[in-house]
């Protein structure tokens, strides 16, 4: 009977773990409307000029975010650029304009207080 209880508990935990869908914390768009909504958002773009919309559950608590851009290589990802983005410490969202003109798969991460990753997104740049 004890094994059955453990098995049921394990199944419940696994179900909850795999059924919880992670929400997007960073979305990529070709621009932002006057209302602040993303325009032409997605994960694959032919142009390198875009806007990252960063949304988090807790306030930023810092004045600047570190943005790291990594390009996926054959065996590992390599950081190709780091930049900073000014943010309101009390805000839960921010916009960042950036440019990627090289074709490839990229991971963009936002680093906040105490050097912790607070948002991440994946984007692909393709030739027209």
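Tallying residues that are in contact (Cβ under 8 Å) with a residue 24 or more places away in the chain, surrounded by 12 or more Cβ atoms within 10 Å (Cβ to Cβ), at negative phi and touching a strand residue (DSSP E or B) at 6+ places or on another chain (Cβ under 8 Å) within the range 100-128 yields 18.
Residue by residue, here is whether (1) assigned to a strand (DSSP E or B); (2) loosely packed, with under 14 Cβ neighbours inside 10 Å; (3) modelled with pLDDT of 90 or more; (4) touching a helix residue (DSSP H, G or I) at 6+ places or on another chain (Cβ under 6 Å) holds:
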position	(1), (2), (3), (4)
3	no, yes, no, no
9	no, yes, no, no
23	no, yes, no, no
28	yes, no, yes, no
36	no, yes, no, no
52	yes, no, yes, no
66	yes, no, yes, no
74	no, yes, no, no
91	no, yes, yes, no
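If you scan the range 38-50, which residues turn out to be part of a strand (DSSP E or B) and either surrounded by 16 or more Cβ atoms within 10 Å (Cβ to Cβ) or more than 16 Å from the chain's Cα centre (by Cα) (or both)?
Our first condition is that a residue be part of a strand (DSSP E or B); within the range 38-50, this holds for 38-42, 44-45, 49-50.
Answer for the range 38-50, where residues must be part of a strand (DSSP E or B) and either surrounded by 16 or more Cβ atoms within 10 Å (Cβ to Cβ) or more than 16 Å from the chain's Cα centre (by Cα) (or both): 38, 39, 40, 41, 45, 49, 50.
Any residue at all in the range 68-89 that is within 12 Å of residue 26 (Cα to Cα), free of Cβ contacts under 8 Å to residues at least 60 places away in the same chain and in contact with a strand residue (DSSP E or B) (Cβ under 7 Å, 6 or more places away or on another chain)?
The initial filter retains those residues of the range 68-89 that are within 12 Å of residue 26 (Cα to Cα), namely none.
No, the range 68-89 has no match at all.
The values are calculated or read from the model by the stated rules, or taken from the named source; none is laboratory data. This is a predicted model, so every value here is computed, not measured. With ideal geometry, Cβ positions are generated from the backbone for all residues, glycine too; neighbour counts draw on all protein chains shown.
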